[in-house]
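Engineer: Here it is, the structure, as structure tokens.
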Amino acid sequence: MDMPSRIAPGDQGDHRADEGQRGFFGRIGSRAARPRGDAAANLQTREALLLLQNYEESGRGWFWSTDTDGRLTYITDPVARTMGRSATALLGTPFTDLFLAADSHGERQRTLPFLLTRQSKFDDLPLRGAFEGDDRWWAISGRPQYDAGGKFTGYRGSGTDITAQRRSAEDASRLALYDSLTGLANRFNISKRLDATLAAFAQQQRPCAIMLLDLDRFKQVNDTLGHPAGDALLKQVAERLLKIVGDKQMVSRLGGDEFQIILPDVEDRGKLGDMAADIIASLSQPYSVDGSRCIIGASVGIAIAPFDGQSSDDLVRNADLALYAAKGNGRGRFAFYSSDLHRAAEDRRVLEEDLRDALARGEIALAYQPVVNTRTNMVTGVEALIRWMHRDRGAISPALFIPIAEEANLIWPLGEWVLRKACEDAASWPADMRVAVNVSPIQFANPELPAVVAKALAASGLPPDRLELEITESVFLGDTAETNRMFNALKGLGVRLALDDFGTGYSSLGYLQSAPFDKIKIDQSFVRGATEKGSRNGAIIAAIVALAEALDMETTAEGIESLDQLELVRKLNVSHVQGYVYSQPVPSADLVRHGEEGTWTIKPSGPARQRNGRFSMFRKVSAIHDNHRYPVVIRNLSATGAFIEGILDVPIGTRFVIDFGEGQLVTATVRRSTKHQQGIEFEQTMVSDGNGGLCTRHRVSPYLIAAATQQTSALALPAFTTTSDWKAA
């Protein structure tokens with residue numbers, strides 16, 4: 001009869017080789033050769049052998065057998081060859097050596113020897129090939145064999161190739177855990193990872209920060225270039241994020257243009273702020289997508305466990321609130337979570353409602369900041385700055401209400417009013433004085449803008465060349481034909497165009513070849529650090545000036561506040577200056593008066609040198625000294641110190657711990673003291689909160705605060721006399 005080929009014993013010459021000769025089919029063949037007196041039974045056995053042989057040769061499955069020691073006595077030759085060996089070479093090999101662990105913890109590797117040792121039957125045990133280059137997966141089944149006396153003689157079993165099914169399952173798992181577009185972890189994956197990280201870190205009292213990131217103006221890319229371009233852009237965004245963060249497992253795409261980053265063991269807000277600023281700067285650089293140039297931005301919200309929440313839900317919610325604050329304060333920013341943001345969100349809602357009626361109530365006005373020639377100190381023009389004097393809350397900062405106006409679709413009526421009012425006021429000034437008006441990207445994208453400008457000029461009688469429209473670089477998103485048509489339409493009216501906030505993250509020299517600008521405005525962020533030792537800002541300003549001169553454009557440096565800054569920009573040949581070193585914004589009536597007096601020349605004045613920015617405020621905090629706590633008020637704050645009041649006659653050199661709340665503690669030394677007012681210097685400088693304010697670099701963990709509260713009693717009575725006590729006396 002036609003029998004399948006048996007494994008040759010080769011050089012093995014021991015009882016296992018003989019057993020291999022009689023292997024799985026060998027034993028069946030022996031039984032088939034015995035006289036049974038039943039021809040039908042013999043025929044049935046022969047057919048079974050042929051079927052088994054055909055099954056092996058089909059590659060759909062294979063057979064194996066072992067001796068009592070678990071060593072191979074038979075293995076299908078084709079499957080042995082897929083393992084990179086011959087069946088003969090594998091005879092006598094421990095069956096367990098054919099496979100690796102089925103998972104990274106080695107459970108399956110222990111399970112197979114355990115089953116063989118216990119002489120247990122098993123079915124469809126998934127195992128991976130152990131030989132180099134063999135990445136197949138097998139489903140192995142086996143049954144223990146016993147002789148007539150019940151003595152264990154080894155195993156017989158079968159195997160099936162499940163590689164395709166396994167890879168399909170892995171692909172399905174990958175789709176369930178990873179974003180198919182960017183390859184980053186998806187929302188489900190990162191949520192589980194954050195849960196596990198926070199649970200482990202809570203027990204170990206370790207911090208963990210998260211960043212929520214939202215792309216600015218991404219929708220415009222989809223709308224102008226199509227969704228395929230948007231998808232390609234998201235891939236590039238993911239690559240830039242990974243380059244900064246480094247750990248792919250900690251970066252996720254939540255969906256759309258939203259991303260989340262987990263940063264274990266990081267609570268230093270200086271480092272987090274630097275990373276957020278790097279992310280914003282990187283993502284704001286131009287992209288090339290299918291031959292088109294795209295420019296977007298990013299905003300980042302940051303929350304840190306355990307300070308800002310100990311559960312993933314609380315942490316994500318608070319990071320989202322910080323992100324909302326960052327976007328609301330001008331986008332392209334980062335913000336840390338603080339409890340004040342809950343109140344701020346409600347304030348924004350109320351302000352939006354009030355802003356809708358502010359124009360009708362006459363609460364909106366314009367002030368004008370002089371633009372001065374750096375050589376002659378003569379005022380050549382002004383910039384119109386919008387002001388809102390709220391009926392109950394007083395002056396509201398434009399940095400607060402302009403983003404609200406943009407989100408609430410109020411920027412168009414506000415912008416139209418500003419244009420009309422500025423032209424009307426300027427018509428009454430000296431004939432050579434220009435007025436500059438800011439145009440938001442939303443206004444610039446509206447095809448009705450040229451008509452609105454023309455109407456404002458006609459109604460006021462202002463010559464077009466005395467109106468200067470300040471436009472930011474963000475209008476060049478996509479560099480579309482519509483942008484060029486808008487420029488041509490505006491220049492066709494005869495107005496001047498200024499490129500505002502040049503160099504703040506969207507710069508590309510390409511559009512300067514065709515955009516008809518008359519002036520470049522150097523952003524104040526370059527000016528503020530230009531006089532610091534080691535700063536490269538001076539070189540950047542010099543390069544901008546050289547570029548402008550080559551293109552026959554004027555330059556204006558914004559935010560000049562000190563005499564050393566003014567001296568520097570003069571040396572760098574900046575043609576015009578705008579800032580408090582010359583004048584704060586003034587009402588239109590002052591410009592009329594100066595016009596009647598003739599030319600307006602302003603003598604610069606201000607501090608001799610640039611100093612850290614100071615924030616005027618009225619903030620109640622606590623000052624702690626020798627376990628005594630005093631209520632004090634901060635009148636102004638800088639990165640290096642503060643001016644406080646509330647304690648009487650404090651000696652110079654006294655050291656306090658200033659408690660700003662929410663775990664923000666900073667050690668300070670009194671440097672000046674006059675009655676109930678003190679100037680204090682911080683031991684460690686504060687850092688930017690990303691939103692125009694300051695915060696401490698580190699915070700005291702709530703775990704430590706809770707432990708200290710349990711170990712200490714109530715604070716003792718004050719040693720110094722507080723202002724309230726002094727007044728009461």
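The values are calculated or read from the model by the stated rules, or taken from the named source; none is laboratory data. Remember, predicted model here, so these are calculated numbers, not experimental data. Here Cβ is always computed from backbone atoms with ideal geometry, including for glycine, and neighbour counts include all displayed protein chains. SASA here: full protein model, heavy atoms, side chains in, ligands and nucleic acids out. Shrake-Rupley method; radii C 1.70, N 1.55, O 1.52, S 1.80 Å.
Engineer: Return a whole-number percent for the relative contact order of the range 575-641, with Cα pairs under 8 Å and 6 or more residues apart as the contact set.
Structural biologist: This gives 26 percent for the range 575-641.
Engineer: Let me ask you something else. Which of the aspartates and glutamates could a cross-linker bridge to LYS519, judged by Cα under 12 Å and excluding same-chain residues fewer than eight apart?
Structural biologist: GLU468, GLU470, ASP500, ASP501, GLU549, ASP552, GLU554
Engineer: Between the range 380-447 and the range 538-612, how many Å separate their Cα centres?
Structural biologist: What the calculation gives is 21 Å, centre to centre.
Engineer: May I pose another question? Quick one: which of LYS421/LYS571; LYS235/LYS491; LYS533/LYS571; LYS533/LYS675; LYS219/LYS271; LYS491/LYS571 span more than 26 angstrom between C-alpha atoms?
Structural biologist: LYS421/LYS571; LYS235/LYS491; LYS533/LYS675; LYS219/LYS271; LYS491/LYS571
Engineer: For GLY381, list long-range residues whose amide hydrogen, built 1.01 Å from N in the peptide plane, is under 5 Å from its own amide hydrogen.
Structural biologist: VAL371, ARG434
Engineer: Report the local net charge at ALA436: Lys and Arg +1, Asp and Glu -1, summed over other residues whose C-beta lies under 12 Å from its C-beta.
Structural biologist: Result for the neighbourhood of ALA436: -2.
Engineer: Mind checking which of GLN236, LEU225, TYR178 is farthest towards the positive end of the range 145-260's charge dipole, using Cβ charges of +1 (Lys, Arg) and -1 (Asp, Glu) about the Cα centre?
Structural biologist: Final value for the positive-end residue is TYR178.
Engineer: When the dipole is taken about the Cα centre of the chain, and only Lys, Arg (+1) and Asp, Glu (-1) are charged at their Cβ, what size is it in debye, to the nearest 20?
Structural biologist: It comes to approximately 1260 debye.
Engineer: Whole number in Å², please: accessible area per residue of the chain, 1.4 Å probe, ligands, DNA and RNA not counted.
Structural biologist: With all protein chains present, the chain gives 48 Å² per residue.
Engineer: Work through the residues other than ASP214 whose Cβ is under 12 Å from its Cβ and net out their charges, Lys, Arg +1 and Asp, Glu -1.
Structural biologist: That sum, taken over residues with Cβ under 12 Å, equals +2.
Engineer: By how many degrees, 0 to 90 and rounded to 10, does the Cα axis of helix 24-33 deviate from the longest principal axis of the chain?
Structural biologist: Result, in degrees: 30.
Engineer: List the lysines whose Cα lies under 24 Å from the Cα of LYS151, skipping any in the same chain that are fewer than 8 positions away.
Structural biologist: The reachable lysines, counting only those whose Cα sits under 24 Å from LYS151, are LYS121.
Engineer: Of all chymotrypsin sites (Phe, Trp or Tyr not before Pro) in the range 516-605, which ones are in loop regions per DSSP and have a Cβ with at most 16 other Cβ atoms within 10 Å?
Structural biologist: TYR580
Engineer: Residues in the range 379-418 near a label at ARG349, defined as backbone nitrogen under 12 Å from the 7 Å Cα→Cβ point?
Structural biologist: From the range 379-418, the list is empty.
Engineer: When the expected Rg is taken as 2.2 N^0.38 Å, what fraction or multiple of it is the alpha-carbon Rg of the range 220-263?
Structural biologist: 1.24
Engineer: Now for a separate question. So which trypsin sites (Lys or Arg not before Pro) in the range 321-376 end up in coil per DSSP with only 15 or fewer other C-beta atoms within 10 Å?
Structural biologist: Passing sites in the range 321-376 are ARG361, ARG375.
Engineer: Rounding to the nearest 10 and keeping the result within 0 to 90°, find how far the Cα-based axis of helix 411-426 lies from the longest principal axis of the chain.
Structural biologist: Around 20 degrees separate the two axes.
Engineer: Something else now. How large is Rg over Rh for the chain, taking Rg from the Cα atoms and Rh as the Kirkwood inverse mean of 1/r across Cα pairs?
Structural biologist: Taking Rh as the inverse mean 1/r over Cα pairs, Rg/Rh reads 1.19.
Engineer: How high is the relative contact order of the chain, in percent, counting Cα pairs under 8 Å that sit 6 or more residues apart?
Structural biologist: After rounding, I find 8 percent.
Engineer: What do you get for the angle between helix 588-597 and the principal long axis of the chain? Use alpha-carbon atoms, 0 to 90 degrees, nearest ten.
Structural biologist: Tilt relative to the chain: about 40 degrees.
Engineer: Continuing with this model, one more query. Quick one: which residues, 5 or more positions from LEU694 or on another chain, have an amide H under 5 Å from its amide H? H modelled 1.01 Å from N in the peptide plane, none for Pro or chain starts.
Structural biologist: Those qualifying (amide H under 5 Å, at least 5 residues apart or on another chain) are ASP689.
Engineer: Let me ask something else. Specify the inter-centroid distance of the range 253-270 and the range 351-367, based on alpha-carbon positions, in whole Å.
Structural biologist: Taking the Cα centre of each part, the range 253-270 and the range 351-367 sit 37 Å apart.
Engineer: Let me ask something else about it. Which order do you get for THR73, THR93, THR117 if you rank them by accessible area with a 1.4 Å probe, largest at the top?
Structural biologist: THR117, THR93, THR73
Engineer: I need the calculated FRET efficiency for the pair SER288 and ILE442, taking r as the beta carbon distance and R₀ as 25 Å, to the nearest 0.05.
Structural biologist: 0.45
Engineer: While we're here: Which value does Rg/Rh take for the range 191-342 over its C-alpha atoms, Rh per Kirkwood?
Structural biologist: Rg/Rh: 0.99.
Engineer: Can you give the calculated 222 nm mean residue ellipticity of the chain, where each DSSP H run of n ≥ 4 adds -39,500 (n - 2.57) and the sum is split over every residue, rounded to the nearest 500 deg cm²/dmol?
Structural biologist: When only DSSP H runs of four or more count, the value is -11500 deg cm²/dmol.
Engineer: So, one more: Can you give the FRET efficiency for GLN203 and ALA639, using 1/(1 + (r/R0)^6), R0 = 56 Å, r = Cβ-Cβ distance, to the nearest 0.05?
Structural biologist: Given R0 = 56 Å and the Cβ-Cβ separation, E is 0.95.
Engineer: Also: For the range 439-498, calculate the relative contact order in percent as a whole number, restricting contacts to Cα pairs under 8 Å that are 6 or more residues apart.
Structural biologist: Result for the range 439-498 is 47 percent.
Engineer: For the range 612-688, which whole-number percentage of the solvent-accessible area (1.4 Å probe, protein heavy atoms only) is attributable to carbon and sulfur atoms?
Structural biologist: 47
Engineer: Looking at the range 119-226 from every direction and averaging, what is the projected area of its Cα convex hull in nm²?
Structural biologist: 13.9
Engineer: Which distance in nm do the two modelled labels at ARG393 and ASP314 give, with both placed 7 Å along the Cα-to-Cβ direction?
Structural biologist: 2.8
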